[in-house]
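All remarks here apply to the structure that follows.
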């Protein structure tokens, strides 16, 4: 199946799809992207996307982060899994993903300054924890909870 067919099959699916996302914390900041494609086009979130057939979740996280931000990361642990269901005006499921969020670290020698927006990200940037509630980011409550969990874990590891 080519990428065009694959992208089309994501809309009005017959079964849920598996997505992966990477929460990267560095120097008191979290890596966010502004999505360039549906679902959630134009919304800020952590980088991620659909798992490909035959791909492990860890490999999918590494690939998605590289494609969307140019960064090389090491998936460290699963933070949580969340449901993302988008229903249209008639009540039909337009998109449905079960997204597995991973805590990721930058690979050795990979600096924060290497971040770029690529693939289906309109923008990519490091955001300070205290700035996450700014209206500019309009992060979903579930996303704020996942990011907070990641910050708390990283802080606990540094003690």
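Miscellaneous remarks
- Between residue 130 and residue 92, the contour length at 0.36 nm per residue exceeds the alpha carbon distance by 9.9 nm.
- The range 3-157, Rg to Rh (Cα coordinates; Rh as Kirkwood inverse mean 1/r): 0.95
- Summed over qualifying helices (DSSP H, 4 residues or more, each -39500 (n - 2.57)) and divided by its residue number, the chain shows a 222 nm mean residue ellipticity of -7500 deg cm²/dmol.
- Between residue 72 and residue 17, the simple label model (points 7 Å from Cα in the Cβ direction) yields a spacing of 2.8 nm.
Only the coordinates and a few stated rules stand behind these numbers; no lab work does. Everything numeric in this text was worked out from a predicted model, so none of it was measured. Quick reminder, even Gly has a Cβ in these numbers, built from the backbone with ideal geometry, and neighbours come from all protein chains shown.
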